[in-house]
1. Which of the three applies to region 459-513, rounded, prolate or oblate, going by the alpha-carbon gyration tensor with a ≥ b ≥ c and a/c under 1.5 meaning rounded?
2. Return the FRET efficiency for the residue pair residue 279, residue 396: r is the Cβ-Cβ distance, R0 is 30 Å, and the value is rounded to the nearest 0.05.
3. Taking the radius of gyration and the Kirkwood hydrodynamic radius from Cα positions alone, what is the Rg/Rh ratio for region 175-228, to two decimal places?
4. Bin width 10 Å, alpha-carbon pairs only: give the P(r) of region 230-325 as whole percents, running from 0 to the bin holding the largest distance.
5. Just the ratio, please: alpha-carbon radius of gyration of region 96-186 over 2.2 N^0.38 Å, N its number of residues.
6. Is region 15-75 rounded, prolate or oblate when judged by the Cα gyration tensor, a ≥ b ≥ c being the square roots of its eigenvalues, rounded requiring a/c under 1.5 and prolate requiring a/b larger than b/c?
7. Would you please classify the overall shape of region 443-484 from the alpha carbon gyration tensor, given that a ≥ b ≥ c denote the square roots of the eigenvalues, rounded means a/c under 1.5, and beyond that prolate means a/b larger than b/c while oblate covers the rest?
8. Determine how many Å³ per residue the convex hull of the Cα atoms of region 40-198 encloses.
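Read-outs throughout are calculated quantities, based only on the coordinates presented, and are distinct from any laboratory measurement. The structure displayed is predicted, hence computed values, not measured ones. Positions of Cβ are generated from backbone atoms using ideal geometry, with glycine treated the same way; all protein chains shown enter the neighbour counts.
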């Protein structure tokens with residue numbers, strides 16, 4: 001998005017205007033300490049919606065009645081105003097060029113209708129084209145938030161992480177981004193980067209919500225289907241038992257198919273059963289045969305169970321023996337070594353080999369004993385595992401026996417019911433009704449409906465996934481973004497004075513984690529915190545943020561982040577700003593104050609020249625970056641540098657003086673106090 005800051009201004013208690021005018025490209029404010037340079041970044045941040053009032057205490061805070069910022073946004077101007085330490089703010093979109101070009105148009109009366117900060121941030125976000133109000137990808141997530149709240153919507157406040165490099169941040173080895181000390185804001189900024197860079201729009205999040213709901217429905221139906229399959233398996237066993245009961249009662253087979261075939265076609269099977277009359281084969285001995293087979297099966301299972309019980313008894317005895325062995329062996333001290341003296345004949349002093357042989361046998365015995373002692377715990381665990389398996393086997397046999405006994409009882413009841421005048425026809429009809437009821441139950445849980453529903457939902461999921469991949473391929477966009485950013489960092493880095501160890505510099509930025517690191521040729525990653533020296537940290541920050549700015553410009557209108565970058569006191573790495581109190585910038589004098597008194601004049605001058613060369617090169621690259629970005633993307637970014645370095649000699653058409661453009665504060669400050677109160681401030 002084409003955007004730049006035109007004014008940062010203050011209206012004082014006497015209604016006088018104090019302002020700085022800026023332009024596209026590189027803008028420099030230079031001056032000594034305590035003149036209000038660093039206040040520029042704080043005033044902008046405050047007017048841009050910061051809930052904290054962080055303007056440095058001093059003349060500015062004492063004199064300020066109102067702070068305001070005028071920004072060019074697309075084809076109009078955004079006017080933002082804040083009263084000191086207030087929770088309200090002013091916002092207006094100004095389209096009248098004549099008003100904007102006359103700073104005196106912005107009187108106290110111009111700033112009215114202040115709104116609460118929360119509403120201001122919404123208006124500010126809309127002014128930059130942020131129209132996404134719902135970033136949840138799954139509506140179920142809201143159930144786990146207080147009051148079923150939405151995820152926080154993206155706001156223009158998150159732009160500041162890419163726009164502001166404060167004095168304590170520009171050469172910081174632990175932190176790259178403004179406000180990243182708060183984890184919540186860090187996570188939000190990383191997540192919302194993809195929105196600001198045009199990866200996603202509101203439709204993306206609505207489609208993701210729909211996709212999550214469809215996936216949840218698919219999972220629920222799949223679970224139902226799995227339950228239905230398991231239920232069909234349980235019904236199969238019940239159906240088999242009922243078919244056996246029918247055979248035992250009537251002496252006839254109800255259906256010729258096996259239970260699997262019957263259940264697979266429940267409607268057809270049910271129709272055939274309903275149409276079939278119960279017929280009794282009085283001469284059939286099926287119940288006797290079935291009972292005999294069941295008794296035979298029961299005897300077999302009983303034999304297997306008793307055999308397994310014997311195995312369990314042996315295992316239990318072994319466990320008791322091992323426990324006793326372990327208890328006894330715990331008192332045995334492990335022998336590590338045996339000392340042996342050579343046996344000799346007392347008369348001729350000839351060595352006797354018998355002791356050596358016995359010693360070897362003793363050594364083997366000790367080794368065996370130690371080995372056996374060490375094995376006891378493993379043997380115990382092995383027996384315990386076998387015991388568990390044996391108990392499970394016995395329990396399974398008991399359940400099978402219970403089922404067989406129940407079937408034998410069912411067959412015996414047929415005869416008992418006959419003796420009580422319950423005819424075989426009546427009993428057969430009852431079993432037939434139970435089979436019919438079971439098949440009706442199978443019809444209700446028929447999987448074909450579930451399969452149809454699952455297939456339909458899967459089709460919708462596939463279409464949505466394809467749509468999201470085609471139109472919102474964030475992985476590909478992220479890869480491309482990293483490629484552009486990393487290429488620019490490499491190009492910029494070669495022109496900055498990184499230490500020799502890191503040359504050629506190969507900086508990489510991870511958009512998933514927002515980590516910055518130098519990658520050696522053998523793929524060793526050196527993260528910023530380990531790169532040593534303030535100069536390396538400074539250049540890493542500069543390379544990253546100018547490269548991000550280039551990437552934003554390359555996206556054109558797709559990117560919502562304005563290509564504005566504040567850099568506060570970058571030369572402090574070489575010339576500390578807190579000791580610069582003179583009316584002119586004297587690099588050599590500042591260098592003297594940072595070195596030991598014993599340093600020779602020649603050494604001081606050499607170091608001063610080297611550092612001045614590095615600082616000059618840094619400003620040259622910032623200027624070159626702006627021009628290159630304009631040439632490649634058609635958008636001129638804006639960089640505002642507040643520093644105390646001055647009178648640098650730059651090559652080309654642009655001079656340092658052009659870039660300062662009257663913003664030199666050495667005999668005055670941003671807000672002048674007597675005796676300079678009547679001079680023009682600009």
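1. Details: a/c = 6.87, a/b = 4.26, b/c = 1.61.
Here region 459-513 falls in the prolate category.
2. On the way: r = 39 Å, r/R0 = 1.28.
It comes out at approximately 0.20.
3. Numbers: Rg = 18.0 Å, Rh = 14.1 Å.
Ratio value, two decimals: 1.28.
4. 13, 27, 24, 15, 11, 7, 3, 0
5. Values: Rg = 18.4 Å, N = 91, 2.2 N^0.38 = 12.2 Å.
Expressed relative to 2.2 N^0.38 Å, the Cα Rg reads 1.51.
6. Working: a/c = 1.62, a/b = 1.21, b/c = 1.33.
Oblate, since a/c reaches 1.5 and b/c is not below a/b.
7. Numbers: a/c = 9.67, a/b = 5.05, b/c = 1.91.
Here region 443-484 falls in the prolate category.
8. On the way: hull volume 23.4 nm³, N = 159.
Output value, Cα hull per residue: 147 Å³.
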